[in-house]
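What follows is one structure encoded as structure tokens, with my remarks underneath.
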Amino acid sequence: MATRQIVLDIPEKVLLAEKSDPLAFGRELRVLAAVKLYELGRLSSGRAAELADMSRVEFLKALDTYRVFPLQAELDDLEGGHA
């Protein structure tokens, strides 16, 4: 799988406030981005799991941590089809 690297400048004060090292904070940002893009319907659960660097099952289980319903996109499609 081909990948691209994206570099973010994170203020030192943010890392200090989060009590996190750059590597751990970067991993968390990947997961947060994947969850939000999935929640917005911009990524499928499979693609979001790839972004989060975890299996699809792990990703779907992780959604609960962020209070995101794992099948919301499917429900929205069903509701839209009956309108």
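Some values worked out for this structure:
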{"item": "Over the chain: helical MRE at 222 nm, DSSP H runs n ≥ 4 each giving -39500 (n - 2.57), nearest 500", "result": "-17500 deg cm²/dmol"}
{"item": "Rg/Rg_ref, the range 30-75, where Rg_ref = 2.2 N^0.38 Å and atoms are Cα", "result": "0.94"}
{"item": "Extreme residue, positive dipole direction of the chain, given options Leu60, Ser44, Phe25 (C-beta unit charges)", "result": "Phe25"}
{"item": "Length-normalised contact order of the chain in % [C-alpha pairs under 8 Å, at least 6 apart]", "result": "18"}
{"item": "Highest to lowest packing among 21-31, 3-13, scored as the average C-beta count within 10 Å", "result": "21-31, 3-13"}
{"item": "Cα-centred dipole magnitude for the chain, charges only on beta-carbon of K, R (+1) and D, E (-1), debye, nearest 20", "result": "180"}
{"item": "Gyration tensor over alpha-carbon atoms, the chain, equivalent ellipsoid semi-axes in Å", "result": "28, 14, 12"}
{"item": "Crossing angle, helix 22-39 versus the chain [Cα axis fit, 0-90 degrees, rounded to tens]", "result": "20"}
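Taken together, the values in this text are just the output of simple stated rules run on the coordinates, not laboratory data. Treat the numbers as computed from the prediction; the structure is a model and nothing was measured. Neighbour counts run over all protein chains shown; Cβ positions are idealised from the backbone, glycine included.
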